[in-house]
Structure formats: structure tokens, C-alpha cells
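Novice: The structure follows.
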Amino acid sequence: MSKHTVEKSFAEINARIKSGEVVVVTAEEMTAIVKEKGAAAAAREIDVVTTGTFAPMCSSGAMINFGHSVPGIKASNVWINNVPAYGGLAAVDCYLGATEPCLDDPLNKVYPGEFLYGGGHVIQDLVAGKDVYFRATAYGTDCYPNRQMEKKVRLKDLPNAILCNPRNGYQNYNVAVNSTKKTIYTYMGTLRPKLANANYCSAGALSPLFNDPTYRTIGLGTRIFLGGGVGYVTWHGTQHRPAVDRTPNGTPLRPAGTMWVMGDMKQMSPRWLVGVSIQGYGCSLAVGLGVPIPILNEEMARFTAISDDELFAQVIDYGEAYPNGSATSLGQVSYAELKSGSITIDGHTIATVPLSSMVRAREIAATLKEWIQAGTFLLGEPQFTLPMEAV
């Protein structure tokens, strides 16, 4: 290897992990290292950069096999703690969506449209080891004659429970404001009238896809921190839109890439899969996710050195434009500005509110760093990387 050229492979980095010689830093640490030493020196010194994010990710859920009854059943309708799950799969498989509300939610009885409990909360209860109540009905067949089944189970009793999240880890997202004269309630949280607050949802420079903006190292088979356990990127996520405006360093100025991720729920923790209720919107699931970025070359060192003042998001009016299908920007702000506590748009100083947790994001990046340093977590080399072209 030339003194001036750094080229590493996944296999070489994994060998260093196995030998205990690997050098791992978090994305925030990498920013300071590259600023001090330059990208070339950092690429020679650092093998892996860890990232993290913890926030509501509505496109999440669980593929669950709940085991056969005697006699057997081909379930067509399934409820878990009275939250409907989709049963149109095999005999005792179902998919539980994080945003599906409980049918007899106590809050909804008092305030229609408001929900305290839903699919995300069921997932948290399962990984917390709590009993959940399964109920299934069926039309009956010769091979599966049973028409009804009810039972209490815990996660350990289930044959399979796979977290299967079709769209997680958004690469950038909108900053939400409300220009109307009334308070509105959205998936981006409560937005007070007349631009009184600006809500955003990203860990910024610690966020996974900001650190590999053009998807050089992330794709099918990438091993990740997911929900407190080990998971994998299994496809590009739904609404993966890489072909958006980008800065010269490759980072998108609008919502862009997403990841489809999966992992065994029996490895996971209720600290990193948390059911949430969003006022006026419904239920969701906060997901802890972290991706290790291998420093294969100097380019990856530069990518992972990105700072919050180099990352930008668009301010979108959720009171007027967004409900009508428009994403016209009221202005562009940096994540450094967002994290400062206020932004300025058209002369208005607006308080900012994060929906993601930087404390938890840092903990995920630090945990992933510890796993790699301990030799218990090897990098998964993708079979192919996320697409940069429109899909």
C-alpha cells in the first residue's frame, strides 16, 4: 500500500476486529480527528466509524409466528392485546404494524382519534418479557379445522418473532412548522400556530446515512445495531429517493435514502424498542438503530467527518403546504442551527424541538463501538449496496 493511498477491504477490517487490533471511533469523534489530522491520516489510522439514531420510525413492525393450536388453525384474523395484526399469510403467521391502534383503547373512548396503546407498545411489551394475549379466528379447512384460538404467550414462547421494518433510518428529513392560526397535530408532533415551534427528527452528524451519503458501504447484508440486538439491512427502504438535491459533499438537502431492516426480537431490549403515542396522530415505535461505517479509503474518512454545520434540512409548512401534497421549502437551515435551540426564517426566530434523542443516539454509537472493539461484532459486507439511482 502506498504511503499516500489507503485502500482497505471488509475482510481486512474484520481480521483486525478478530485480532483485537481494530481502531473504532464514533462519528462525532471522527469529525474532530479529520479536522485535526486530515482525511488521509484518519483513513490510515481509523478502521470503523460508528453511528446511531433513536427516534419514532412509523414504518416498523414484527413478523410473528405464534404456533399451532390443537386442532390446527389457519388464522385469517389476529389480535394481539386487542391490536389487529394482519393474518393473510401462512396458517399461524401474522404481521403486526407499529402504528395499528388498540380496538378498545381507553383514551380513544374519551377522545376519538386519540390512542394510548398500539402495535409499537405490543412490540415493546414482547421484548420486555411481558405476557401478551393472542386471539385468532378462522374460516376452517379440512387440514386446519379450528375456527378460534385464544392464548397468553411471552416472547420466549413464540416460535419466531422478527422485527421487520420496511422504512427506517431516513437520510435527512423535513423541519416541520405551522403557519396557520390554529394548533395542528402531526406525525412530527404538535405544531403551534404562527410558526411558534419547529420540530425536526434526525441525529444529524451522528445519523447513519449521513455518514455514507452515497451508499458506498451499506446494502443487503450490512450488519447493524437494531433494537438493542444485532440486525441487518435487507433492502433499500420504501420511499427510498436518492435522486434529490445534494451538497458538494454528497449529503442530501431533502429526505432521501431509507433502509429496510430486520432482526431477531428475542435479542432485543425494551430500552431500544419503545412504543410511543403521538398526540392527534396515533401510535408508533421509537427504534434504536446504529450502522458501522468501514473506513475503506480516504473518501469514506471524509464522508464520516461531516459536521452538523455542513448538513442542511428544509423547513416545510405542515399547516398549509404539506397536507396539500407540497414540499415547498420556507427556507434551509443547518443541523447546527437546529440543535442550538432556535432557527430564523423570514425574520422569525423559531424555537426548535427534536423528536429524536441525541443522548440515546450517542449511547448506540458507543455501544456499537464497544461490541466491535470486543470482537463480538464483525462487519457484514453487502451483497450489493443501496441504489443511488431512482427506484
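Novice: Test of understanding: among Ala40, Ala91, Ala75, which residue is buried (at least 16 other Cβ atoms within 10 Å of the Cβ), farther than 27 Å from Glu370 by Cβ and assigned by TED's automatic domain parsing to the domain that holds Cys283?
Specialist: After applying the criteria, what remains is Ala40.
Novice: Could you figure out which of (1) assigned to a loop (DSSP other than H, G, I, E, B); (2) closer than 20 Å to Tyr133 by Cα; (3) touching a residue at least 60 places away in the same chain (Cβ under 8 Å) isn't true of His68?
Specialist: (3)
Novice: Next question, about the same structure. Hey, among the residues in the range 1-50 that are modelled with pLDDT of 95 or more and among the polar types (S, T, N, Q), which one's nearest to the chain's Cα centre (by Cα)? Steps first, answer last, please.
Specialist: Within the range 1-50, the subset modelled with pLDDT of 95 or more is 7-50.
Pick out the ones that are also among the polar types (S, T, N, Q) and you get 9, 14, 19, 26, 31, 50.
Numbers: Ser9: 27, Asn14: 25, Ser19: 31, Thr26: 18, Thr31: 22, Thr50: 15 Å.
So, considering only residues that are modelled with pLDDT of 95 or more and among the polar types (S, T, N, Q), the one nearest to the chain's Cα centre (by Cα) is Thr50.
Novice: Read through the list (1) of a type in the set (Asp, Glu); (2) more than 20 Å from the chain's Cα centre (by Cα); (3) farther than 19 Å from Met259 by Cβ, then give the number of the only condition that Glu363 fails.
Specialist: Just one mismatch for Glu363, condition (2).
Novice: Now a separate question. So the check is Cβ under 8 Å with 6+ separation or different chains; which pairs have a first residue in the range 195-216 that's under 17 Å from Gly288 (Cβ atoms) and a second one that's of a type in the set (Asp, Glu)?
Specialist: Within 8 Å, the pairs are Gly204/Asp308; Leu206/Glu28.
Novice: I'd like to check something: does the range 259-268 contain any residue that is under 17 Å from the mean Cα position of the chain (by Cα), surrounded by fewer than 24 Cβ atoms within 10 Å (Cβ to Cβ) and either of a type in the set (Asp, Glu) or at pLDDT below 95 (or both)?
Specialist: Yes, the range 259-268 contains at least one residue that is under 17 Å from the mean Cα position of the chain (by Cα), surrounded by fewer than 24 Cβ atoms within 10 Å (Cβ to Cβ) and either of a type in the set (Asp, Glu) or at pLDDT below 95 (or both).
So that you can scan it fast, the table gives a plain yes or no per residue for (1) touching a residue at least 24 places away in the same chain (Cβ under 8 Å); (2) among the hydrophobic types (A, V, I, L, M, F, W, C):
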| residue | (1), (2) |
| --- | --- |
| Arg223 | yes, no |
| Val230 | yes, yes |
| Thr234 | yes, no |
| Gly237 | yes, no |
| Ala243 | yes, yes |
| Pro248 | no, no |
| Leu253 | yes, yes |
| Val261 | yes, yes |
| Gln267 | yes, no |
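Novice: Hey, Ser76 hits all of (1) farther than 15 Å from Arg147 by Cβ; (2) in contact (Cβ under 8 Å) with a residue 40 or more places away in the chain; (3) not hydrophobic (A, V, I, L, M, F, W, C) but one; which does it fall short on?
Specialist: All conditions are met except number (1).
Novice: Considering only the range 186-250, give the strands (runs of 3 or more DSSP E) lying wholly within it that have at least 2 residues that are assigned by TED's automatic domain parsing to the domain that holds Arg360 and among the aromatic types (Phe, Trp, Tyr).
Specialist: Working: elements: 189-191, 197-200, 223-226, 229-236.
Filter on the range 186-250 gives 229-236.
Each row is one residue, and each column tells you yes or no for (1) over 18 Å from Lys152 (Cα atoms); (2) not assigned by TED's automatic domain parsing to the domain that holds Val274.
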{"position": "Thr5", "(1), (2)": "yes, yes"}
{"position": "Glu21", "(1), (2)": "yes, no"}
{"position": "Thr26", "(1), (2)": "yes, no"}
{"position": "Gly52", "(1), (2)": "yes, no"}
{"position": "Val83", "(1), (2)": "no, yes"}
{"position": "Tyr95", "(1), (2)": "no, yes"}
{"position": "Val110", "(1), (2)": "yes, yes"}
{"position": "Gly113", "(1), (2)": "yes, yes"}
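Novice: Looking at (1) modelled with pLDDT under 95; (2) small (Gly, Ala, Ser); (3) outside any loop (DSSP other than H, G, I, E, B), which is the only condition Gly275 fails?
Specialist: (1)
Novice: Out of (1) surrounded by fewer than 23 Cβ atoms within 10 Å (Cβ to Cβ); (2) farther than 23 Å from Leu289 by Cα; (3) touching a residue at least 12 places away in the same chain (Cβ under 8 Å), the odd one out for Val23 is which?
Specialist: Of everything listed in (1) surrounded by fewer than 23 Cβ atoms within 10 Å (Cβ to Cβ); (2) farther than 23 Å from Leu289 by Cα; (3) touching a residue at least 12 places away in the same chain (Cβ under 8 Å), Val23 misses just condition (2).
Novice: Now for a separate question. Do you know which residues across the range 94-132 are among the aliphatic types (A, V, I, L, M), buried (at least 23 other Cβ atoms within 10 Å of the Cβ) and over 18 Å from Glu150 (Cβ atoms)?
Specialist: Within the range 94-132, Ala98, Ile123, Val127 qualify.
The values are calculated or read from the model by the stated rules, or taken from the named source; none is laboratory data. On a predicted model such as this, the values are computed, not experimentally measured, just so you know. Note that each Cβ is placed from the backbone with ideal geometry, even for glycine, and that neighbours are counted across all protein chains shown.
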